[in-house]
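Data first, discussion second: the structure below is written as structure tokens.
The values are calculated or read from the model by the stated rules, or taken from the named source; none is laboratory data. This one's a predicted model, so the numbers in the text were calculated from it and none came from an experiment. Here the Cβ is made from the backbone with ideal geometry for all residues, glycine too, and neighbour counts use every protein chain on show.
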Amino acid sequence: MKIQFLGAAGEVTGSRHSVQANVGGREVRFMVDFGMFQGGREATTKNLEPLPFPPKEIDFIVLTHAHIDHSGLLPRLCAQGFSGPIYCTDATFELLKILLPDSAHLQRSDVERAERRQKAGKWRGDLPVALYSMEEAELALGQCEVLAYGKHLELCKGIDLEFQNAGHILGSAIAVIDITEDHAKKKRCVFSGDIGMKGKLLMPDPARIPQADVVVVESTYGDRLHKTLADTEAELIEVVTSTLSAHGNIVIPAFAVGRTQEMLFLLIDLVKRNLLPHLSIWVDSPMATAATHLTQRFFAQLDKESQSTFEWFKKNPGAVDLRFIADVEESKALNKIKGGAIIISASGMCDAGRIVHHLQNNLPRAQNAIVITGFQAYGSLGRRLVDKVAKVRLFGEEVPVRASVHTIGGLSAHADQAGLLDWLQGFESAPKTVFVVHGEPEASAVLAQSIRDELEWKNVIIPERLHTYSC
Ligand code: ZN
């Protein structure tokens with residue numbers, strides 16, 4: 001059996017691992033994930049790079065979860081000739097129906113904006129390229145096949161798949177793949193996908209797998225420890241209470257899928273526990289609204305505590321005034337509210353979407369608060385706010401930053417170093433090989449070393465991109 005790492009090797013994005021095995025008298029090739037590289041020009045080059053083998057030679061794809069850095073190039077692959085099934089969980093499939101067409105739409109608008117600027121003589125250099133169209137996104141959705149957590153499926157003779165909950169986002173899975181090559185013993189390969197934090201809001205703890213021969217584990221925060229949830233709650237209570245008593249608004253930029261639902265859950269839970277007063281919350285992002293409805297639909301897949309909080313809210317709907325904004329007019333009407341509102345909107349890094357309007361409206365007043373809850377990439381508007389700039393330029397206008405800006409940590413969707421080591425300890429004996437992927441070089445190196453030191457596992461490899469490893 002061979003594994004070739006085509007992405008998320010030495011970096012966080014672009015997860016796609018190719019597996020080849022001799023089963024049933026032939027060589028089968030499949031991929032685990034087929035994600036997009038994100039961030040900067042180098043990512044664009046890698047997204048356009050052809051695969052080292054023809055797409056039509058791939059028999060099937062196992063998809064761990066819906067995040068674009070794991071799923072985002074599927075439409076391009078299908079357009080280039082991959083016609084096999086894409087196996088994923090039911091909730092992942094529903095999220096893909098939102099995320100893939102949205103990704104196609106964003107790429108199209110980037111190209112159109114650049115073309116307009118080029119016509120006006122304001123664009124230098126190459127134009128951006130759309131990696132796929134809306135139709136190609138639909139094509140990929142048509143190839144998805146759903147497999148429930150804990151159910152076994154024979155993908156072909158000699159290869160079986162089971163998904164276990166990874167506790168990262170709705171639908172996220174650890175892929176447990178049993179491969180019995182011709183004339184060889186069965187080998188179990190476990191692909192962690194992205195692993196959630198134990199005790200994380202909404203999601204159950206990542207499932208522990210007792211045995212594996214080969215483990216491919218993520219390392220996004222392999223060199224870090226997160227703040228505790230109790231600290232996060234205390235910070236949030238402080239900001240919300242003081243802002244509301246000063247008659248200000250609280251604006252929370254949040255990723256539409258995942259973080260928005262976590263914030264809603266956390267705020268409702270704090271009201272339930274009498275740690276916050278009655279709240280008025282507006283969710284202003286069509287994608288966040290769709291993702292919140294999906295979370296409710298897959299209620300049974302949430303952790304037990306979150307289920308009980310939602311049950312409580314159903315019985316006490318008056319405790320929180322929760323409204324989802326449908327159209328742009330309603331969104332504009334929010335500008336009239338001068339105090340007492342909590343507005344959750346996307347994008348999470350403040351660079352696009354309706355959040356920009358809410359910032360334009362709320363940044364100039366000192367009694368308002370901006371609560372940053374997620375990672376802010378260098379160069380984003382969110383990052384500049386975190387770095388406490390005095391003014392920002394929005395829609396060609398200078399806007400003073402008088403509102404207070406608070407960064408609330410501890411809501412990461414990924415396990416930290418202790419969480420990853422804890423998950424790995426679920427294996428009752430050392431796997432023959434561990435591959436550490438999906439991390440910046442420093443994070444992967446620190447995690448690999450702590451696996452060797454603390455778990456005393458010997459064969460821990462940080463794979464290089466495009467290299468093939470026999471195992
Ligand atoms: Zn993810």
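Take the residues of region 188-215 that are part of a strand (DSSP E or B) and closer than 20 Å to residue 447 by Cα: which is farthest from the ligand (Cβ to nearest atom)? Residue satisfying both the conditions and the ranking: 214. Within region 262-278, not a single residue is at pLDDT below 95, within 25 Å of residue 424 (Cα to Cα) and not basic (Lys, Arg).
The number of residues in region 209-238 that are surrounded by fewer than 20 Cβ atoms within 10 Å (Cβ to Cβ) and not polar (S, T, N, Q) comes to 14.
Restricting attention to region 275-300, the residues that are more than 14 Å from residue 261 (Cα to Cα) and surrounded by 14 or more Cβ atoms within 10 Å (Cβ to Cβ) total 4.
One residue stands out in region 25-73 among those that are modelled with pLDDT of 95 or more and among the β-branched types (Val, Ile, Thr): the one that is nearest to the ligand (Cβ to nearest atom), namely 64. Among the residues of region 39-89, the one identified as buried (at least 24 other Cβ atoms within 10 Å of the Cβ), more than 21 Å from the chain's Cα centre (by Cα) and of a type outside the set (Phe, Trp, Tyr) is 78.
For region 2-19, a tally of residues being touching a strand residue (DSSP E or B) at 6+ places or on another chain (Cβ under 7 Å) and either crowded, with 19+ Cβ neighbours inside 10 Å or hydroxyl-bearing (Ser, Thr, Tyr) (or both) returns 10.
So in region 390-403, with the set limited to residues that are modelled with pLDDT of 95 or more and part of a loop (DSSP other than H, G, I, E, B), which one is surrounded by the most Cβ atoms within 10 Å (Cβ to Cβ)? Here the answer is 403.
Yes or no, residue by residue, for (1) touching a residue at least 60 places away in the same chain (Cβ under 8 Å); (2) crowded, with 19+ Cβ neighbours inside 10 Å:
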| residue | (1), (2) |
| --- | --- |
| 320 | no, yes |
| 326 | no, no |
| 329 | no, no |
| 345 | yes, yes |
| 351 | no, no |
| 359 | yes, yes |
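Each row is one residue, and each column tells you yes or no for (1) within 16 Å of the ligand (Cβ to nearest atom); (2) exposed (fewer than 15 other Cβ atoms within 10 Å of the Cβ); (3) under 28 Å from the mean Cα position of the chain (by Cα); (4) part of a loop (DSSP other than H, G, I, E, B).
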position	(1), (2), (3), (4)
370	no, no, yes, no
382	no, no, yes, no
388	no, yes, yes, yes
428	no, yes, no, yes
454	no, yes, no, no
457	no, no, no, yes
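If you go through region 1-58 and keep only what is part of a helix (DSSP H, G or I) and under 28 Å from residue 377 (Cβ atoms), you end up with 40, 41, 42, 43, 44, 45, 46, 47, 48. Screening residue 222 with (1) within 16 Å of the ligand (Cβ to nearest atom); (2) touching a strand residue (DSSP E or B) at 6+ places or on another chain (Cβ under 6 Å) gives one miss only, at (2).
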